[in-house]
Each structure stands twice: as structure tokens, then as C-alpha cells.
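What follows is a single structure, written as C-alpha cells, with notes after it.
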Amino acid sequence: MGESHIEHTPSLPFAQRPIVILGAGIIGCTTARQLLLNGFPVVLVAEYLPGDQSIFYASAWAGAAWHAAGGINPEQRYFQAVTHRHLLKMAQEDPTSGVCIVDTREFLEQAPPENSSLWGQHVVSKFRHLKKDEFPSHFNTGWAYDTLVTDPTLHMPYLGKQITELGGQFIRKKVNSLEDMYQMFPESSIFINASGIGSKELDDVKDDKCFPERGQNVFYKTDKCHMMYFRNGKQYTYVIPRPMSQGVVLGGVKQQDNLSPEVDMAIAQDEISRAHMLAPEIVPENPPEDSISHIIGIRPSRQGGFRLDCEKAGQRTILSAYGFGGGGYAFSYGVADALSKMVERAERENVIL
Ligand SMILES: Cc1cc2nc3c(=O)[nH]c(=O)nc-3n(C[C@H](O)[C@H](O)[C@H](O)COP(=O)(O)OP(=O)(O)OC[C@H]3O[C@@H](n4cnc5c(N)ncnc54)[C@H](O)[C@@H]3O)c2cc1C
């Protein structure tokens, strides 16, 4: 008799259960935004959230240039192309996004190899091969084009605000495993692991292909912040403008398995010298000390490249999207688009029985 008084909480219908994302870097946030725009409820769980500045939160520190990657397959190229499309729209329509179109010069020490970044000529604007007298004679090849830079100090807070306005929910929490997430959201069945370098440590992921790759850049405050330069080859160097922050980012360096939060002044000096050689009209040999600050971040790298796949485990669908190393911004919106299509497929299988 008492039984009839027990209130049963009806479980949420599948279509109303939130999609749960672990990680609120550029990958987790662009994915959340896309899913929200497609009408899904979304929750993000992360130790670091948009606006935070830990060295382990790579998305706070990226250049971030859209530069075509070499050595990638056609599907990965398409992710970059989709990202370019999204960023271009933001650059044209919404300056608060922190995305700008910049005039770029790229110089190559050697002739471009097979499967080089040259495919990017079909994506960027105004691409042209420079004539021999248009670039320094010690380079083999020179290209000019317009591409996009994203200022992460503006873009991450912009994305965070958009997600909240679209109804997404952020929960600040460090978890030890994906299992912790399943316990937190017993009703959800679609989980996305966008935890960057976190995937090396999560108890039930422990991906030993993941490795930290430290970056240290110089930020030089200058109003000459509208041209981008790349030197491609052994002495990989860049000058990435941040027009909205009135400065340029000078780099770069990649230090595998180094987690130091301290500025290495020898690296900083070397980056200034290399940037000066590459763009002397922007970067003086000895910039005044008060015009210099330092950027340190740990890239979430992965041997063999990033992971992007979908697995079914019982009732749950788990999508993995991590290991983007030095290219997470350039892949972000394309990866978000791919993940949201995977979610749509999983949703269809779950709802249309
Ligand atoms: C100096 C520097 C320059 C760069 N320049 C460029 C560039 O020019 N162009 C470009 O495309 N890319 C660039 N990058 C790379 C880019 O920053 C990264 O690829 C990108 O930010 C990775 O994003 P992510 O979302 O995968 O990881 P992250 O931004 O690191 O985010 C990971 C998220 O997961 C959360 N997380 C992890 N583990 C846990 C856990 N156990 N519990 C809870 N939360 C957890 C974190 O708190 C965080 O929210 C640069 C990087 C650096 C450091």
C-alpha cells in the first residue's frame, strides 16, 4: 500500500540529457558552442575555465596564428579549412572575438617538401608566390597571403560568454577519471574528452602517447602590430601580431617534457634576435625592457598526432578530442564541427530505436 506513495523521479528523456564535455580549452569551448547552436544542452567540467592563466591551460597562451599544417591528411586539412571559415566570419563581423585578418610573409629555408603547408593557398586570401627580389636571398621560397590571428586573451573570454548566453553551464572541478564524470552525470550518455594534456593522467585514459611540450614566447609591445612573419625550416621563427593588444608575439621554442613555469632569459633573448633578423622593421635588436613580457604555456602534444574518435561503451558514447600540440586553434572550429556531427549520429541511434 505504502508503495503507491513513493515518488519516482522520471529519468530525463534522452534528448534532454546534457552532453558532458571534460575540458574548457579552445577544443572543449568551440565544441560546446557548436552543440549549443545545434540545440543540445551542454555542461563543461574543467579545472581551468576561460579567463584563467595556468601554464597547463594551453588555450590561454597560443599565438594564435591560422597557419596551414604540413604533413597532415585531407580530412585534417578540411578541419583547418572549416576553422578558417569560422574565424574569417568573426574577423569580418565581430571585433570583440579577438580575431583579425593579417598580411603575412612566409619564407622557407628549403624548397617546400612533398605534403607541405602549400595546400593552404586554397584557403587563405590573396596568396601569391613572391619573386626572388621580394624576399631575403638566403631563403629558397617566399609566399605572401592574408590569414587570421586569434588573440586568446580576448577570444577565450568571448567564447566563455557566448557559451553561457547560449545556455551552456561551466562547472569548475578537477576530476581523476572519466568515471568521475559518469558518476556526476548518471543520466547523460554522451561524453566528450577534450582534456588536452589531462589525458596523460586520467586513470581510465592514461594515454602514454601524450606528452607536454613547453612553449615560451616574448610579447613585445609595439604599434607595428599588423604584419605576420614565418621562417620555416631548421630555424623555425614567427612574429605573430596581436593588433587588439597592441603588440607582437615572438617565438618559438618547443621543449619536450619540460614543465618549468620560470622564464628562461636565454630563450627569450634568442627569440628576440631571431625575430629581429626576420622582421627588423618591427622588432629592434634590443627592445626596451619595459616593452617586453613573457608567455609560457604547455602544449598538449601527442606522438602520431591528435586523437579524434568515437567509442561506444555500454549505454555511453565517448568522444575523444585531444593532443592538438601546437595547432589547437587552427584545428578548433573544424574539430568542433566534426564532434557535433558525431554527437548527432549518436543521438540518432539513441532516439530513433
Ligand atoms: C606558446 C604557445 C603558442 C601557441 N601558438 C599556437 C598558434 O599559433 N596556433 C595554434 O593553432 N595553436 C597554438 N598553440 C597551441 C594551442 O594553444 C593548443 O593546441 C590548444 O590550446 C589546445 O587546446 P585544448 O582545448 O586541447 O587544451 P587546453 O587549452 O590545455 O585545455 C584543456 C582543458 O582540460 C581541462 N582538464 C584537463 N585535465 C583535467 C582534469 N583531470 N579535470 C578537470 N579538467 C581537466 C583543463 O582544465 C582545461 O580546461 C600554442 C601553444 C603555446 C603554448
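Every number in this text was worked out from the coordinates using simple rules, so none of it is lab data. Being a predicted model, the structure only gives us computed values, none of them experimental. Quick reminder, even Gly has a Cβ in these numbers, built from the backbone with ideal geometry, and neighbours come from all protein chains shown.
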Partner aspartates and glutamates for K173 [C-alpha distance under 20 Å; skip if fewer than 8 residues away on the same chain]: E47, D52, E187, E201, D203, D204
If amide hydrogens are placed 1.01 Å from N in the peptide plane, which non-local residues have theirs closer than 5 Å to the one on L44? I21, Q169, F170, I171
Using θ = phi - 60° and the Karplus curve 6.51 cos²θ - 1.76 cosθ + 1.60, what whole-Hz ³J(HN,Hα) does each residue of segment 135-145 get, with Gly and Pro shown as x? 9, x, 5, 7, 9, 7, 9, x, 10, 10, 6
Please state the relative contact order of segment 16-352 as a whole percent: Cα pairs under 8 Å, 6+ residues apart? 25 percent
If neighbour count is taken as other Cβ atoms inside 10 Å, put D151, D309, D180 in order from fewest to most. D309, D180, D151
Indicate, rounded to the nearest 5 percent, the antiparallel portion of the DSSP beta bridges found entirely in segment 16-352. 70 percent
Go ahead and set up a Gaussian network model of the chain, Cα springs under 10 Å, then flag whichever of E75, E187, E271 fluctuates most. E75
Those helices of the chain passing the 27 Å axial Cα length cut-off and the mean Kyte-Doolittle cut-off of -0.5 (DSSP H runs only) are 328-351
Quick one: which residues, 5 or more positions from F211 or on another chain, have an amide H under 5 Å from its amide H? H modelled 1.01 Å from N in the peptide plane, none for Pro or chain starts. S301, R302, Q303
Span from the segment 105-164 Cα centroid across to the segment 250-304 one, whole angstrom: 19 Å
What residue among Q183, Q16, Q76 shows peak mean-square fluctuation when the chain is described by a Gaussian network model with Cα springs under 10 Å? Q183
Given charges of +1 on the Cβ of Lys and Arg and -1 on the Cβ of Asp and Glu, with all other atoms neutral, how large is the dipole of segment 16-352 about its Cα centre, in debye to the nearest 20? 620 debye
Do the alpha carbons of any pairs in K89/K209; K200/K312; K89/K341 sit beyond 26 Å of each other, and which pairs? K89/K209
For the chain, what does -39500 (n - 2.57) per DSSP helix run (n ≥ 4), summed and divided by total residues, give at 222 nm, in deg cm²/dmol to the nearest 500? -8500 deg cm²/dmol
